[in-house]
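Below you'll find the structure, written out as structure tokens, and then a few comments.
The values are calculated or read from the model by the stated rules, or taken from the named source; none is laboratory data. None of the values given here were measured: they were computed from a predicted structure. Don't worry about glycine lacking a Cβ; one is built from the backbone with ideal geometry, like all the others, and counts go over all protein chains shown. What goes into the accessible areas is simple: the full protein's heavy atoms, side chains included, and nothing from ligands, DNA or RNA. Shrake-Rupley method; radii C 1.70, N 1.55, O 1.52, S 1.80 Å.
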Amino acid sequence: DAGVTQSPTHLIKTRGQHVTLRCSPISGHKSVSWYQQVLGQGPQFIFQYYEKEERGRGNFPDRFSARQFPNYSSELNVNALLLGDSALYLCASSLADTGVPLHFGNGTRLTVT
Amino acid sequence: AQSVTQLGSHVSVSEGALVLLRCNYSSSVPPYLFWYVQYPNQGLQLLLKYTTGATLVKGINGFEAEFKKSETSFHLTKPSAHMSDAAEYFCAVSGTGRRALTFGSGTRLQVQP
């Protein structure tokens, strides 16, 4: 079975632009979470969605938004990009709404110049 | 709220030697605890987890960890290091709501031949 897939794998954006990252969960998984991993740090929680509803939100500005589609795939959107948004963005899926564990994708490497 | 402290950002061992990676946590509720491994340019792979029950938890690739409530610790061990164990290791805690993971800053394990 395919694991969590994320696209694109890499992208480069300019300050002030907008970016959309995509994630497909493991088949049968209804929960998707997004994490930001800045170089040299551990991942930080951004959002969790279950059955298309936002169930959790981390301490990120309103420039960050997400949604989940009927097929349980998800998008993470970031507006007005800042240099500090440069990071590896990880998507994770799980079967249930709570309780984890999470299965992570390989991430999207975003570079903001 | 919850937090994780990983002592030692870099650990170097010889091949065949004991691996010990330290993790201390704080949590306002009984914690769920996890160890993840990250290889270069990849996402996170779950090594093992503790939720309830037996405090000594065995994971993949010969790793194990022991939950010690009195010490608020969840150290990761492996009796004999292999070159393929070289990677970044993250300890994580899931607290209230069981939706999000709070990660430590990671420990990079080097294995010397």
*B:LEU47 fails exactly one of the following numbered conditions: (1) in contact with a strand residue (DSSP E or B) (Cβ under 8 Å, 6 or more places away or on another chain); (2) more than 20 Å from A:TYR89 (Cα to Cα); (3) at pLDDT below 95. What is the number of that condition?*
(3)
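Looking only at the range B:20-34, which residues are within 22 Å of B:ASN61 (Cβ to Cβ) and under 11 Å from the mean Cα position of the chain (by Cα)? Reasoning before the result, please.
Just the residues of the range B:20-34 that are within 22 Å of B:ASN61 (Cβ to Cβ), to begin with: B:20-23, B:32-34.
Of everything in the range B:20-34, those that are within 22 Å of B:ASN61 (Cβ to Cβ) and under 11 Å from the mean Cα position of the chain (by Cα) turn out to be B:LEU20, B:LEU21, B:ARG22, B:CYS23, B:LEU33, B:PHE34.
Could you pull out the residue among A:LEU95, A:LEU90 that is crowded, with 16+ Cβ neighbours inside 10 Å and aliphatic (A, V, I, L, M)? Explain how you work it out, then say what you get.
Details: A:LEU95 fails: crowded, with 16+ Cβ neighbours inside 10 Å.
Result: A:LEU90 is the single residue among A:LEU95, A:LEU90 that is crowded, with 16+ Cβ neighbours inside 10 Å and aliphatic (A, V, I, L, M).
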*Scanning the range A:12-28 for residues that are more than 14 Å from every other protein chain (Cβ to nearest Cβ) and surrounded by 16 or more Cβ atoms within 10 Å (Cβ to Cβ), which turns out nearest to the chain's Cα centre (by Cα)?*
A:VAL19
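The rows are residues; the columns are (1) among the aliphatic types (A, V, I, L, M); (2) surrounded by fewer than 15 Cβ atoms within 10 Å (Cβ to Cβ); (3) assigned to a strand (DSSP E or B).
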{"position": "B:LEU47", "(1), (2), (3)": "yes, no, yes"}
{"position": "B:ALA54", "(1), (2), (3)": "yes, yes, no"}
{"position": "B:ASN61", "(1), (2), (3)": "no, yes, no"}
{"position": "B:PHE67", "(1), (2), (3)": "no, no, yes"}
{"position": "B:SER70", "(1), (2), (3)": "no, yes, no"}
{"position": "B:HIS75", "(1), (2), (3)": "no, no, yes"}
{"position": "B:TYR89", "(1), (2), (3)": "no, no, yes"}
{"position": "B:ALA92", "(1), (2), (3)": "yes, no, yes"}
{"position": "B:LEU109", "(1), (2), (3)": "yes, no, yes"}
*asked:* Name the residue that is most open to solvent (accessible area, probe 1.4 Å), counting only residues in the range A:42-59 that are within 12 Å of chain B (Cβ to nearest Cβ) and in a loop (DSSP other than H, G, I, E, B).
replied: A:ASN59
*What number of residues within the range B:77-87 are among the hydroxyl-bearing types (Ser, Thr, Tyr) and not in a strand (DSSP E or B)?*
2
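Being in a loop (DSSP other than H, G, I, E, B) and in contact with a helix residue (DSSP H, G or I) (Cβ under 9 Å, 6 or more places away or on another chain) is the requirement here; does B:VAL37 meet it? Steps first, answer last, please.
On the way: in a loop (DSSP other than H, G, I, E, B): no; in contact with a helix residue (DSSP H, G or I) (Cβ under 9 Å, 6 or more places away or on another chain): yes.
Answer is no for this residue.
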_Exactly one condition in (1) in contact (Cβ under 8 Å) with a residue 60 or more places away in the chain; (2) farther than 20 Å from A:TYR35 by Cβ is false for B:PHE63; which is it?_
(1)
*Of B:GLY16, B:GLY97, B:GLY8, which residue is part of a helix (DSSP H, G or I) and surrounded by fewer than 19 Cβ atoms within 10 Å (Cβ to Cβ)?*
B:GLY97
*For B:TYR39, all conditions in the list (1) surrounded by fewer than 14 Cβ atoms within 10 Å (Cβ to Cβ); (2) more than 21 Å from A:SER93 (Cβ to Cβ) hold save one; what is the number of the exception?*
(2)
*Conditions: (1) away from chain B (no Cβ under 11 Å); (2) assigned to a strand (DSSP E or B); (3) not hydrophobic (A, V, I, L, M, F, W, C). A:ASP62 meets all but one. Number of the miss?*
(2)
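Search the range A:102-113 for residues being facing chain B (nearest Cβ under 10 Å) and more than 11 Å from A:SER33 (Cβ to Cβ), and hand back the single one that is most open to solvent (accessible area, probe 1.4 Å). Before the answer, list the steps.
Kept after step one, since they are facing chain B (nearest Cβ under 10 Å), are these residues of the range A:102-113: A:102-107, A:109.
Those left that are additionally more than 11 Å from A:SER33 (Cβ to Cβ): A:106-107, A:109.
Working: A:ASN106: 94, A:GLY107: 7, A:ARG109: 78 Å².
Residue satisfying both the conditions and the ranking: A:ASN106.
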*Determine, yes or no, whether A:LEU39 is hydrophobic (A, V, I, L, M, F, W, C), under 26 Å from B:PRO40 (Cα atoms) and open to solvent by less than 20 Å² (accessible area, probe 1.4 Å).*
no
*Would you mind stating whether B:PHE34 is away from every other protein chain (no Cβ under 13 Å) and among the aromatic types (Phe, Trp, Tyr)?*
no
